[in-house]
């Protein structure tokens, strides 16, 4: 997966607003969110996130990315990532994860299944066979977004998550930054800001969330050192 696919995997999902007293019993609700994506100052396309029920107690979380203009030369078709997960008490448990780079070739596609009874995650990632132990709290690149939001609405301060990236398990550090009042397509909004990065990496992803909109992500960016690689802003949302 390249730029647009990476952007999708680093977004964070929205949940319905609720009081702290109700946080322990947080319920997810279906939603759809759309963003405008900019890459190095150019309008690169659009990104969307959609959360929906999937066969009873499971949930399906999908990101779609579509390039625009000259970027369609590199990404002519829709890039998609999907996570099917379930909730067990306070734990988000991914069941299946897939990633499609939008081309007919399957060399860069990913298909993973999480067998919690056996304690293994198995599948294929860019032609490489995957068979890894499931560590406590392990997430995929999409379900980690839900895990973070559930922690925040509980009033917790998460410091990191482990997630499977292709055929490796990696650790990401999360930290809160100073709240910001932000201008958006929906007017000025008070936001809380969270950043994430891998240990010893100079690449950092920063996301702005609006508590008044149920912690909807309204802006995000990725930086390498001081250099802005990409950014995205809220275009519309629906529940």
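Among (1) in contact with a strand residue (DSSP E or B) (Cβ under 8 Å, 6 or more places away or on another chain); (2) more than 22 Å from residue 170 (Cβ to Cβ), which single condition is residue 134 missing?
Here residue 134 clears every test but (2).
So which residues in the range 144-166 are buried (at least 18 other Cβ atoms within 10 Å of the Cβ), out of contact with any helix residue (DSSP H, G or I) (no Cβ under 8 Å at 6 or more places or on another chain) and over 22 Å from residue 210 (Cβ atoms)?
164
Among the strands (runs of 3 or more DSSP E) confined wholly to the range 97-176, which include 1 or more residues that are under 17 Å from the mean Cα position of the chain (by Cα)? Walk me through how you get there before you give the answer.
Working: elements: 110-115, 120-125, 128-133, 160-165.
Because the criterion is at least 1 residues that are under 17 Å from the mean Cα position of the chain (by Cα), the strands (runs of 3 or more DSSP E) in the range 97-176 that meet it are 110-115, 160-165.
Using the structure shown, decide if residue 93 is closer than 14 Å to residue 139 by Cα and surrounded by 17 or more Cβ atoms within 10 Å (Cβ to Cβ).
yes
Would you say residue 53 is at pLDDT 90 or above and either farther than 26 Å from residue 130 by Cα or surrounded by 12 or more Cβ atoms within 10 Å (Cβ to Cβ) (or both)? Walk me through how you get there before you give the answer.
Working: at pLDDT 90 or above: yes; either farther than 26 Å from residue 130 by Cα or surrounded by 12 or more Cβ atoms within 10 Å (Cβ to Cβ) (or both): yes.
In short, yes.
Between a residue in the range 180-203 that is at negative phi and surrounded by 11 or more Cβ atoms within 10 Å (Cβ to Cβ) and any residue that is modelled with pLDDT under 90 and in a loop (DSSP other than H, G, I, E, B), which pairs come within a Cβ distance under 8 Å, given they are 6 or more apart or on different chains?
Pairs that qualify, where the first residue is at negative phi and surrounded by 11 or more Cβ atoms within 10 Å (Cβ to Cβ) and the partner is modelled with pLDDT under 90 and in a loop (DSSP other than H, G, I, E, B), are 192/215; 194/12; 196/10.
The values are calculated or read from the model by the stated rules, or taken from the named source; none is laboratory data. Small disclaimer: the values here were computed from a predicted structure and weren't measured. All Cβ positions, even for glycine, are placed from backbone atoms using ideal geometry, and neighbour counts span all protein chains on display.
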